[in-house]
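K.L.:
Just dropping this structure here.
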Amino acid sequence: MRILLVEDDLPLAKALQRSLQSEGFVVNHVNQGKLALNALSTPDQDMIILDLGLPDIDGLDVLKHLRNQKSSLPVIILTARDSIESKVKGLDYGADDYLVKPFEIQELMARLRVIERRLGTANSSLICVGQVKLDTFTHKVLVESDRNTINNEIEIHFSKKEFMVLKALMENAGRILSREQIESKLYHWGEEVLSNAVEVHIHKLRKSLPEKFIQNVRGVGYIINNAY
């Protein structure tokens, strides 16, 4: 999932980026409201974490502009404004959640997972397609073995990027994702992307997953058939 972090406190923003990226989120950061509006003019983000006390325009004005554009992009307000009036105004303007600073990173992660589940097809942290189960909370991948045993699930260990590729494909089971779409789920602005990075990740995933679980649609992209 790709998150736009709008936060003018640079030490906090860097700490948040590290924490979110360690959980498999792709985080792009801007420190001004106008930069946020520019970033939101293209459909590259899946969610916004929005501070209100920005140096140029108020975060509520960013939120109001977004909703005036009929955008349903999820927004979590992250702010030091802790009055009931501010919370009510933020939610009335269209925020999906409101978290007051200081906060615990675990609570922010839990709220992000709630929105992530709402955006996807799963009603829990578990995504199941065919013989494969992926847990977005524990980052575990389990594959059903063909052996007729009591516990016939085998845990497969993948790198963070491999996990993120598999998660993107399983969340979109039945839909073709192009290489560019997959890359957008893996890399933040300015991060170097090798030309064959997606192909390398797919190759490694295929070695550990059931045969033909991930299929290549030549010249278009990759798909996991939800009827697998």
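The values are calculated or read from the model by the stated rules, or taken from the named source; none is laboratory data. Bear in mind that the values here come from a model prediction, so they are computed numbers and not experimental data. Cβ: placed from backbone, ideal geometry, glycine included. Neighbour counts: every protein chain shown.
K.L.:
Within region 94-152, track down each residue that is of a type in the set (D, E, K, R), modelled with pLDDT of 90 or more and closer than 22 Å to S72 by Cα.
P.N.:
Answer for region 94-152, where residues must be of a type in the set (D, E, K, R), modelled with pLDDT of 90 or more and closer than 22 Å to S72 by Cα: D96, D97, R111.
K.L.:
Then there's this: Do any strands (runs of 3 or more DSSP E) lying entirely in region 14-97 carry at least 3 residues that are closer than 24 Å to K161 by Cβ, and which ones are they?
P.N.:
26-30, 47-50
Table: residues versus (1) over 18 Å from M170 (Cα atoms); (2) without any contact (Cβ under 8 Å) to a residue 24 or more places away in the chain; (3) part of a helix (DSSP H, G or I).
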site: E183; (1), (2), (3): no, yes, yes
site: Y187; (1), (2), (3): yes, no, no
site: E191; (1), (2), (3): yes, yes, no
site: L194; (1), (2), (3): yes, yes, no
site: V198; (1), (2), (3): no, no, yes
site: K204; (1), (2), (3): no, no, yes
site: K207; (1), (2), (3): no, yes, yes
site: K212; (1), (2), (3): no, yes, no
site: N216; (1), (2), (3): no, yes, no
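K.L.:
Let me ask another. Given the conditions (1) closer than 27 Å to E183 by Cα; (2) touching a helix residue (DSSP H, G or I) at 6+ places or on another chain (Cβ under 7 Å); (3) in a helix (DSSP H, G or I), report the number of the one that Q106 does not fulfil.
P.N.:
(2)
K.L.:
Right, here's the next one. Just to check your reading of the model, which residue among L37, L50, L16 is in contact (Cβ under 8 Å) with a residue 24 or more places away in the chain, buried (at least 20 other Cβ atoms within 10 Å of the Cβ), touching a His at 6+ places or on another chain (Cβ under 9 Å) and not assigned by TED's automatic domain parsing to the domain that holds K161?
P.N.:
L16
K.L.:
Here's a check for you: in region 71-118, which residue that is of a type in the set (F, W, Y) and within 29 Å of D135 (Cα to Cα) is farthest from the chain's Cα centre (by Cα)?
P.N.:
Once the filter is applied, the top-ranked residue is F103.
K.L.:
Moving to a separate point now. Suppose we filter region 68-100 for residues that are in contact with a Gly (Cβ under 7 Å, 6 or more places away or on another chain), loosely packed, with under 15 Cβ neighbours inside 10 Å and of a type outside the set (A, V, I, L, M, F, W, C); how many remain?
P.N.:
Within region 68-100, residues that are in contact with a Gly (Cβ under 7 Å, 6 or more places away or on another chain), loosely packed, with under 15 Cβ neighbours inside 10 Å and of a type outside the set (A, V, I, L, M, F, W, C) number 0.
K.L.:
Please work out which one of (1) modelled with pLDDT of 95 or more; (2) crowded, with 20+ Cβ neighbours inside 10 Å; (3) outside any helix (DSSP H, G or I) is the condition D8 fails and give its number.
P.N.:
Checking D8 against (1) modelled with pLDDT of 95 or more; (2) crowded, with 20+ Cβ neighbours inside 10 Å; (3) outside any helix (DSSP H, G or I), the one that fails is (2).
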